[in-house]
1. Could you put 262, 62 in order of accessible surface area, largest first, with the 1.4 Å probe and the full protein assembly present?
2. Carbon and sulfur: what percent of region 1-147's accessible surface (1.4 Å probe)?
3. Quick check: with the 1.4 Å probe, what order do 108, 50, 174, 158 take by accessible area, largest first?
4. Most fluctuating residue of 124, 17, 189 in a GNM of the chain with Cα springs under 10 Å: which is it?
5. Taking the chain as the reference, fit the longest principal axis to its C-alpha atoms, fit the long axis of helix 241-255 to the helix C-alpha atoms, and give the angle between the two in degrees, 0 to 90, nearest 10.
6. In the Gaussian network model of the chain, springs joining C-alpha atoms below 10 Å, which of 183, 150, 237 carries the largest mean-square fluctuation?
7. With angles folded into 0 to 90 degrees, how steeply does helix 222-235 sit against the dominant principal axis of the chain? Use alpha carbons for both and round to 10.
8. Counting DSSP beta bridges in the chain, what percent are antiparallel, to the nearest 5?
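The values are calculated or read from the model by the stated rules, or taken from the named source; none is laboratory data. Everything numeric in this text was worked out from a predicted model, so none of it was measured. When the accessible area is computed, the model is the full protein with side chains, heavy atoms only, and any ligands, DNA or RNA have been set aside. Shrake-Rupley method; radii C 1.70, N 1.55, O 1.52, S 1.80 Å.
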Amino acid sequence: MSYAIVSPVKDEAGRLGATAQSIAAQTLPPAQWVIVDDGSSDGTRVLARELARTHDWITAIDSGLDGDRARGGRVVRAFERGRLLLPHGHDFVVKLDGDITLPPDYFERVAETFDRDERAGIVGGRVLVHDGRDWVPERVGRYTVHGAIKAYRARCLEEIGGLRPSMGWDGIDEYAAKARGWKVIPLDGLLVHHHRRRGSKQRWWQARMEEGRGARYMGYRPSFVVVRAGYRMLVEKPPVLGGAVLFAGWLHATARREPIVDDPQAVAALRAEQRQRLRGRRARPQTASPPAAR
């Protein structure tokens, strides 16, 4: 299968080289990798251009965006800018962060999953982060693919209208896909290393506020927001405040009547799953069994 990678990056000079090495070592190499620098100040842009001069399958561009970088909207706009440079014909497109290292057979196994199941729409492995002592799983939903490593079947990405430039993009994309009959398949035995926790470039309260706003944008049930905020009060650092600020972000966005994603099918799929979870029933995952670990 043919695939391309798009990586929106900012200030990743210390990590992008390792990412490039792990991509170059893939048993199934990409047809193209577009690195989109989003206003770096640490030499990332220079490194990206050096990589492009060294490898004819790498393209380095600037995002052309002004203002401060934030999670969500700006990252997606940079991704979509890079995607415009991709020719048609790739079987899947990968949104990959610039601080990820991959096992050599990573994309071979992702491609096998797409090839094996024609309804596989979004595929990815599991992300590990370093907690100061060891590599541990980064906290994401059991049936979701981490936003740092999402591979989209090209037809699925077109059907959902691309990615939405808002906080919550990496949740609503999956519900949009499921609502249209595509499967979201996390591969539990396929592990990658993420060298920076998500949201770590922001102050903790800014990240939680944005997550609350993202819950509004995705169309969360109010009762589910309450449960989620309560859970985050217990597991987030600082204790209590993390969940409280998340809830405040959702409440503020709701009071201001900030828009909900313009995809009723995706919102309906999200709310149906949340209703099941609130009733204590496990939502039926739209996944397939991953290949055995090698």
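1. Highest to lowest solvent-accessible surface, that is 262, 62.
2. Values: 3040 of 6360 Å².
Of all accessible area on region 1-147, carbon and sulfur atoms account for 48 percent.
3. These residues rank, largest area first, as 158, 50, 108, 174.
4. Answer for the Gaussian network model of the chain: 189.
5. Taking Cα atoms only, the helix is inclined about 80 degrees.
6. 237
7. Result, in degrees: 70.
8. If I count the DSSP bridges inside the chain, around 35 percent turn out antiparallel.
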